[in-house]
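The values are calculated or read from the model by the stated rules, or taken from the named source; none is laboratory data. Only a predicted model underlies this, so the values are computations on that prediction, with no experimental measurement involved. Using ideal geometry, Cβ is built from the backbone for each residue, glycine included, and neighbour counts are taken over all protein chains shown. These accessible areas exclude ligands, DNA and RNA; they are computed on the full protein's heavy atoms, side chains included. Shrake-Rupley method; radii C 1.70, N 1.55, O 1.52, S 1.80 Å.
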Amino acid sequence: MARSRPLASPSARPAHRSSSLVAALATAAGLLVALSPAASAADTTTDLGVDSSLYRPGDLALGNGKVFVSSGDKLVVAGMDGDLLGEVGGLTETSGLATSQDGTRLYAALVGPQQVVEIDTATLEITRSIDLPSYPCPTHLARSGQRLWVGYGCDSNGDGGVIGLDLTVTAPQPTVVASEIAGAPLLAANGSTLVVGQVATSTDHLFVYDVSGTPTLRGEIDGFTHDFGDVGGLAVIPDGSKFFSAASTERRTDLWDADSLERIRSYAGEPATEGFPSSVATSPDGAYVVVGGADGADLVMYDAVTGATIHALDNLAVAGGTGSLVFSGTDVFAVQAASSRRLHLWRVEDITFPASALTLTPPPGGVVNQPLTLTGRLELPGGAAAGAKPLTVTRRLPDGTTETLAGVTTAPDGTFTVTDTPAVGGAYIYAVLWDGDDAVRWSTTSAKVTVKNTSSLTVTGPSQWPVGAALTLSGVLLPTPPPSGWGYPLTVKRTVTNANGTVTTTLPGVPARKNGTYSFSDRPAETGHYTYTVEWVGNAGYTPAKAEHEVEVKQSIE
């Protein structure tokens, strides 16, 4: 299980936060080598331990303090902290999920068996099975009040539709809402509104029903005119007066009036210039909407009223698209299918809180056993002064191990300094985390510093020399044996100062031998003060080095 999330500080954090700080910053340090945006460290990412052959990631539902994810022949069960709790096995082709109003019952659609099963969310036992022999491939579920809506259909030959089940009846009889639909339609319901999305044809349609009594069609929206499966997600706000649709090919998420069926607004442009929105969910109070795969990010949250982007987050722990989404208080859960087809549960913590931002500026480089300093700043929403905030700093060493450094506290203006003395050469990743508080979302960032070993250079020779005679100087370039890339020639310059002025001449380059030694010759042509300067430019692992030797050239010496 790959995990990444912040630690609760003793004084200010809500009680539900976990304490896996070192894992969080180790993951951030390991993944943010390219200095990715601060918010993309993710909160908790759990490998669900299953492979999926589904086009879309498994469906997702919450109930009784548990998270349920459908996956083939079982349901994976996790806690609200993302930790795996177990599974419900013995199922076949699980697909859509929904929970009862009080969260004590979970309903799962079984495609092949043509059933909907009811599961006790406390005991994880199946309490009843509802057979649907006349309705092939039950795939998608939605609940409103005491009724469960089932979208069924196996392919695009028109055998699909929607039925309703009265959950208060021991053996509910299906009520037909729609039929002769191509494939199993997507569903979303709340209040008195049921939205049905036909997605198995080249032109997608949305059908909106009033389900306050006998289901009645309010109208149809046919503004989706691209490839198969354009409508990827639907969500109805709690009072049923509005609903959202995410259309991947059109790169657009829309808010609709559930009565007039007029589009109220689009999110991230019309259409968006980046991303393919694949899923959508609305917060319990209807104030926010989260979209998977929108605007070039894994997850984007918008202000539902203004359409303003609040967060755009990437999950660096998983390379894959974001599927089913659901709110839980201030958090959001998402199911992601990695490129390997393994399903992951992503918990995004406190997404409804306004964002903080950390910046971290590294020095251009470091030298072994010499202090280096990184500077940064914590910015709060609206430019508010950060004050003294405790930060946690970790360092990933060149061998991949991670250490937690001494804590750092911001100055009143939010600035801070991280000082370290690296003991070995190589690439270091420094990650800084602010754990947030009860009103502002946490943030993290990282920076890379390349630390070099120290090289040294000597040059020796006589201090006096007769003009016109061959002069030899020698020296050593350390360390020995030479590191990779050692074979670059040394640069040699000769500076002569006499009555004629000062002249500097670059002599032919000199290679260092395998043992680091080198030598070169010169024949001074005039008297004066000679300075021979030898330089090595350094390489990826070692610092540059420079040495000088002075010689007085005379007509003759004794």
Inset, instruction - Could you list all residues from the stretch 278-328 that are open to solvent by 10 Å² or more (accessible area, probe 1.4 Å) and of a type in the set (Phe, Trp, Tyr)? - result: Tyr288, Phe327
Legend entry - Positions within the stretch 488-502 being assigned to a strand (DSSP E or B) and open to solvent by less than 90 Å² (accessible area, probe 1.4 Å), in sequence order: Leu490, Thr491, Val492, Lys493, Arg494, Thr495, Val496, Thr497, Asn498, Gly501
Inset, instruction - Being modelled with pLDDT under 95 and hydroxyl-bearing (Ser, Thr, Tyr) is the filter; apply it to the stretch 422-445 and report the residue that is farthest from Thr352 (Cα to Cα). - result: Thr445
Legend entry - strands (runs of 3 or more DSSP E) wholly inside the stretch 329-380 that include at least 3 residues being open to solvent by 30 Å² or more (accessible area, probe 1.4 Å) and touching a residue at least 60 places away in the same chain (Cβ under 8 Å): 357-361
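Quick grid of which residues meet (1) within 45 Å of the chain's Cα centre (by Cα); (2) open to solvent by 50 Å² or more (accessible area, probe 1.4 Å):
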| position | (1), (2) |
| --- | --- |
| Thr417 | yes, yes |
| Ala447 | yes, no |
| Leu457 | no, no |
| Thr472 | no, yes |
Inset, instruction - Please go through the stretch 399-415 and pick out each residue that is open to solvent by 50 Å² or more (accessible area, probe 1.4 Å) and without any contact (Cβ under 8 Å) to a residue 40 or more places away in the chain. - result: Asp399, Thr401, Glu403, Ala406, Gly407, Thr409, Pro412, Asp413
Inset, instruction - Being open to solvent by less than 70 Å² (accessible area, probe 1.4 Å) and in contact (Cβ under 8 Å) with a residue 40 or more places away in the chain is the filter; apply it to the stretch 381-392 and report the residue that is nearest to Val290 (Cα to Cα). - result: Pro381
Inset, instruction - Could you look through the stretch 214-247, keep only residues that are outside any strand (DSSP E or B) and modelled with pLDDT under 90, and pick out the one that is least open to solvent (accessible area, probe 1.4 Å)? - result: Asp230
Legend entry - Scan of the stretch 54-73 for residues that are closer than 19 Å to Ile130 by Cβ and in a strand (DSSP E or B), ordered by number: Ala61, Gly63, Phe68, Ser70
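For every residue, the table says whether it meets (1) charged (D, E, K, R); (2) at pLDDT 95 or above; (3) open to solvent by 30 Å² or more (accessible area, probe 1.4 Å).
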site: Asp83; (1), (2), (3): yes, no, yes
site: Thr92; (1), (2), (3): no, no, yes
site: Gln101; (1), (2), (3): no, no, yes
site: Ala108; (1), (2), (3): no, yes, no
site: Glu118; (1), (2), (3): yes, yes, no
Legend entry - All positions within the stretch 147-160 that are modelled with pLDDT of 95 or more and of a type outside the set (A, V, I, L, M, F, W, C): Arg147, Gly151, Tyr152
Inset, instruction - Residues being at pLDDT 70 or above, of a type outside the set (Val, Ile, Thr) and either under 16 Å from Met301 (Cα atoms) or assigned to a loop (DSSP other than H, G, I, E, B) (or both): count how many of those fall in the stretch 248-274. - result: 15
Legend entry - Any chance Val195 is touching a residue at least 24 places away in the same chain (Cβ under 8 Å) and either basic (Lys, Arg) or crowded, with 21+ Cβ neighbours inside 10 Å (or both): yes
Legend entry - Residue in the stretch 503-558 that is farthest from the chain's Cα centre (by Cα), counting only those that are assigned to a loop (DSSP other than H, G, I, E, B) and free of Cβ contacts under 8 Å to residues at least 12 places away in the same chain: Glu558
